[in-house]
Structures are given as C-alpha cells and as structure tokens.
1. Among the residues of the stretch 190-206, is there at least one that is over 20 Å from Leu20 (Cα atoms) and among the polar types (S, T, N, Q)?
2. Determine if the stretch 182-190 includes at least one residue that is crowded, with 22+ Cβ neighbours inside 10 Å, within 25 Å of the chain's Cα centre (by Cα), within 27 Å of Val108 (Cβ to Cβ) and hydroxyl-bearing (Ser, Thr, Tyr).
3. Considering each of Ala226, Ala204, Ala211 in turn, give the residue that is at pLDDT below 80, assigned by TED's automatic domain parsing to the domain that holds Val145 and of a type in the set (A, V, I, L, M).
4. Tell me which of these Leu151 doesn't satisfy, since it passes every other one: (1) in contact with a helix residue (DSSP H, G or I) (Cβ under 6 Å, 6 or more places away or on another chain); (2) under 30 Å from Leu281 (Cβ atoms); (3) part of a loop (DSSP other than H, G, I, E, B).
5. In the stretch 206-238, what count of residues is obtained for those that are farther than 14 Å from Thr138 by Cβ, of a type outside the set (A, V, I, L, M, F, W, C) and surrounded by fewer than 24 Cβ atoms within 10 Å (Cβ to Cβ)?
6. Return a yes/no flag: does the stretch 105-128 have any residue that is of a type in the set (Ser, Thr, Tyr), in contact (Cβ under 8 Å) with a residue 24 or more places away in the chain and surrounded by fewer than 20 Cβ atoms within 10 Å (Cβ to Cβ).
7. How about the stretch 524-547: which of its residues are more than 16 Å from Tyr376 (Cβ to Cβ) and not in a helix (DSSP H, G or I)?
8. Hey, can you tell me all the residues within the stretch 502-537 that are small (Gly, Ala, Ser) and within 17 Å of Ala420 (Cβ to Cβ)?
Amino acid sequence: MTFLASLLISMFTTIALIPLFTGLAVKLNAMDFPNERKVHQIPIPKAGGISMTLALLLPIFIWCPMNTTVQSILLGAWVVVIFGLIDDFKDLDYKTKFLGQIVAASIVVLYGGVKIANLGGLLPSGYILPDVLAFPLTLFVIIGVTNAINLSDGLDGLAGGICLLSFLCIGFLAYKSGYFPITIFCVAILGAIAGFLRFNTYPATVFMGDAGSQLLGFFLVTLSLALTQKNNSLSPVLPLILIGLPIIDTLGVMVERISEGRSPFHPDKKHLHHKLMQLGLFHNESVVVIYIIQAFLVTSAFILRNKSEWSLILYYIAVSLSIIMILAIAKRAKWKRKKYYFLDKVIKGHLRILKERFVLIKISFRIILLGVPALYIMTCILVPKHLPGYFLLLSSGLFLIIASMKLIKNNWVANSVRVALFLSIPFIVYFSEIDRVDWISSVMFKLYNYSFLLIAFFVIVTLRLSRREGFISTPMDFLILFIALVIPNLPDEQIKSYQMGMVAAKIIAFFFSFEVLIGELRGNLSKLAVPIMAGLAIVILKGFLGI
C-alpha cells in the first residue's frame, strides 16, 4: 500500500495545487506567450512545475530513506527548480541556465556519488573510469538530458507523457532490483505527472514551464544513472534507451542546425513534433505518434535490459536512423496526411446529424447517470467486512464531510463529492478485488466485471456526442491504455497475485467515467451525493459491524 499511497498523495496534491499556483502565475505574469515558434495561440500560465515539485516531495519525505544519494538528488532538484522558476518569471540567458544545471549536477556527483564510472563491455573487463574522466562525463550527460527534456516540451502533454513512460519502466526495474528509494521516487513522480496531465493534455490550461521540464529531465537522468551504475544486472548503457526519444530529437536538431551553419542552440521549428505537424498531423496525432515511439523504446529497454552494451548501442542507433530516414523520405516526397472521404464525410456526417438531434446523447447520458453510481455502490458492497482501520476512518470522514456540506454549505457539495470519489475509488476497487465477499459467485463477478466495459462504452458515446468542450478525448487516453495493458503483464508474481492489472483497469474506468459524468452535470453534483454517501455508509457498516 505504500506505493499506492505515494501515487495518490502525489497525484491529488498536484491536482489541488495547480489551480492555486495558476492564479498566482497570472497575477505575477509567469505566462508562456505565443510566438512564431509555438503552437498555442493564447498566454498559458506556467504553474505546473512548482505544483509537481511540492506534490512529489510529500511521499518522498514520508517514506523514502534519506541516504546521501537521495539527499543529493533532492538538493540538485531544488537548484534546478529555483533556476527554472526564475527563468519562468524572467527569461534567463543560456549561460545562467547552464550555471544552475552545473551546480545541480555537481551536487549529485560530488555529494551523492552518482557518476558514470562503469561502462560495462564498452571498456576492458573490470575497468572503471577514474574521477578525472567520470566527473565531466557525468556532468555532460546530466546537463544534456535535462535540456533534452526541456526542449521536448513543445506540445500539450508531450514532455509529461514521454517522462511518464520512462519513469514507469525505471520504477519497475528499481522495484525488481530492490532499490526502494528509487522506486518511491518514481512512483511519486508518476503521480505528480498524472495530476499535471489532467490540466496539460490538449487543449492545455497550464504549462509546466522550465521549472517542471528541467526537473523531470534532471530526475530522469539522475535516477536512471543511480539505478544502472549501482546494479550489475542492468547494462550501464540502458539509460540511453530508457530516456529514449528526447535524446534522438535533440541530437538530430543540433546536427541539422550545425549543418546549416547555425548555432546548435539557436531556436527554430526543427523538432520532431514540428516535423510531424508539417506533415499534416494534427496536434493530438503528433503527440500520440511520439508517445507510441517512446513506448516502443521504453518497452525495448525493459526487454533488452541485460543485453551487452554494444548490442544496446547498435539497436539505439538503428532505431534513431530509422526515425530520421522516415521523416526525411516523407519530407522529400512531400507526404501529407490524407483525409478519407468515407470516414470524414459519411460516418462522421451521420453521427453529426444524430448529435445535433440529441438522439443518442439522451440515452447514453441517462445510462451513465444511473449506471456509474450503481457500479460504485456495488463495488462498496463487494469489499470484505474486515477492513483496515485507516480506511474506515477515511470513509467515515468523507461521509461526514458530504453530509455536513449538504446541511451547512450546499454549494460546497460538489467539491466534497469530488474529493470523496477520488480518494475512495482506489481503495474500494483494491479491497473488492483482492479479498471480496465470499457470497458472490464467479458468474456474478464476471457480470460485474463486464459491466465496466458496458459503462465505458456508453461513457465514450456520451463523450463523443456531447457539445460540451470541457472534457474531450486526448493523447492521455493512449497513456492510460498503455498502463492498463502493461501492468497485468508485468513479470512479477506479487503484482499478479494482487490482480493489479484488473485493479488498475477498474480504477481508470471509474475515474474516467466519473470525470465525464461530472462534466456533463455542469458542476451540479447533488445527484451524485446520495449514492456516494450510500456507498460509504455500506463500507462503514461492513467494517464496524462486521456484516
């Protein structure tokens, strides 16, 4: 439960802090203004970085052992964030940015002992780089990756999604290797990114700014180096593939600029996401394509984690050249994304007619309005009677909060229902899955599981036919799908024994369904208050009375 608690604390704290820092960013003019190199058209507050930083620190300080490596990474991260925040408020020149990154990297190397000393099979057997070589090499790599993630932050949800995929793999490798501090770090970062992407997927209302993108890049490189340099079972070259696409993109852009006689640091529209959009892909489509490539590289990193260093380097070069060649050929052939008449005119045209006549939306909305709360109550019924004391106290507190808001401050009911939903769902799903009541038959439980698919179908129908603009299908759906497919197939018996794949899928389905339902209700959540209170009451009675 430590990992689940870390994830939830980090995620919900990020979601809570972003609105607060967004207002502050607007007042202090910490905004990302559009220009000829950027794709957004209106100023966007840069509040994500500081929100994620404060949120992920909470579980780290609670559960992570404070050894010198952890302390050095945290100190270096704060240096990166402080310089990043200054840059978000007042643009810094590249020399000052590099100074902050050098200081942060030096803390990790000199105080934390994180350095690239072992290159495995790239050097003679048993040879370790002396500090005079390891120190500058490590500084170069940390600074390079920190900037690579910063430069990749060019589309809504792009840098966050790329890093989420990488931290997912690093965290699992650390878990399998017994490196608890790195695992907690990764879980906390995953929660913060998930909370941030709630506001940053297209169309974004918040950016992470330099503070956020440099922080993620710094964590990504330092944690991957700390893991692979101290673990003989993992190749020291593995971080190259774990970090993946940002390195390919940054190196490719710099080589292209130098070949044109320009500075490698001169800003332009040469990045991968720019090139994909120039080929006719829409904003969301470009992000999804990059997610797919990064997911492929991260999956490859896990599969090839024990291969020789030369094999990994050759593989990475082959993938990199393939991406570059495909883009070059597409550009030379003047390829453009085609619009298909049957899909765009016939199918979408008929759906548009049904949408304008409100034929399907009324039916699908009524089904999810009744079905999603009913599924919540059923899940509460399935939890066992022997429940941890902390969960009973949490359920009692949430029940009393909603009841108090209905009696005292009715306009606060919506916020109390949101809090109750997103705090209780992970627990009721987890307990109902690993230790459900014994009276339910296997056939009944299968029908219960299939009901999630049915509800998800009508939620998607409602989402696609609704005229509301507040919640739309985004590239984050790919990340959710990837996680839901990966977790059940992780090669770990403990994870399989806890049915974590099914737990993750049901939690995602609940969150997604309630998010759509809350949006369709336009904030009037009084209709949800009663069923949520009923579900919590069932949990409380089962726990305290043992029924």
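1. Initial filter on the stretch 190-206 (over 20 Å from Leu20 (Cα atoms)): 190, 202.
If we keep only those that are among the polar types (S, T, N, Q) too, we end up with none.
There is no residue in the stretch 190-206 that is over 20 Å from Leu20 (Cα atoms) and among the polar types (S, T, N, Q).
2. First pass over the stretch 182-190, keeping only residues crowded, with 22+ Cβ neighbours inside 10 Å: 182-190.
Then keep just the ones that are within 25 Å of the chain's Cα centre (by Cα); that gives 182-190.
Narrowing further to those that are within 27 Å of Val108 (Cβ to Cβ): 182-190.
Applying the additional criterion that residues be hydroxyl-bearing (Ser, Thr, Tyr) yields 183.
Taking every residue of the stretch 182-190 in turn, at least one turns out to be crowded, with 22+ Cβ neighbours inside 10 Å, within 25 Å of the chain's Cα centre (by Cα), within 27 Å of Val108 (Cβ to Cβ) and hydroxyl-bearing (Ser, Thr, Tyr).
3. Numbers: Ala226 fails: at pLDDT below 80; Ala211 fails: at pLDDT below 80.
Just one listed residue meets the conditions, Ala204.
4. With (1) in contact with a helix residue (DSSP H, G or I) (Cβ under 6 Å, 6 or more places away or on another chain); (2) under 30 Å from Leu281 (Cβ atoms); (3) part of a loop (DSSP other than H, G, I, E, B) applied to Leu151, the lone miss is (3).
5. Here the count works out to 3.
6. At the first step, the residues of the stretch 105-128 found to be of a type in the set (Ser, Thr, Tyr) are 106, 111, 125, 127.
Now restrict to residues that are in contact (Cβ under 8 Å) with a residue 24 or more places away in the chain: 106, 111.
Filter once more, keeping what is surrounded by fewer than 20 Cβ atoms within 10 Å (Cβ to Cβ): 106, 111.
Yes, the conditions are met somewhere in the stretch 105-128.
7. If the condition is that a residue be more than 16 Å from Tyr376 (Cβ to Cβ) and not in a helix (DSSP H, G or I), then Asn524, Gly546, Ile547 are the ones that fit.
8. Our first condition is that a residue be small (Gly, Ala, Ser); within the stretch 502-537, this holds for 504-505, 509, 513, 519, 523, 526, 529, 534-535, 537.
Within the stretch 502-537, Ser513, Gly523, Ser526, Ala529, Ala534, Gly535, Ala537 qualify.
The values are calculated or read from the model by the stated rules, or taken from the named source; none is laboratory data. Everything quoted here is computed from the prediction, not taken from an experiment. All Cβ positions, glycine included, derive from the backbone under ideal geometry; neighbour counts span all protein chains shown.
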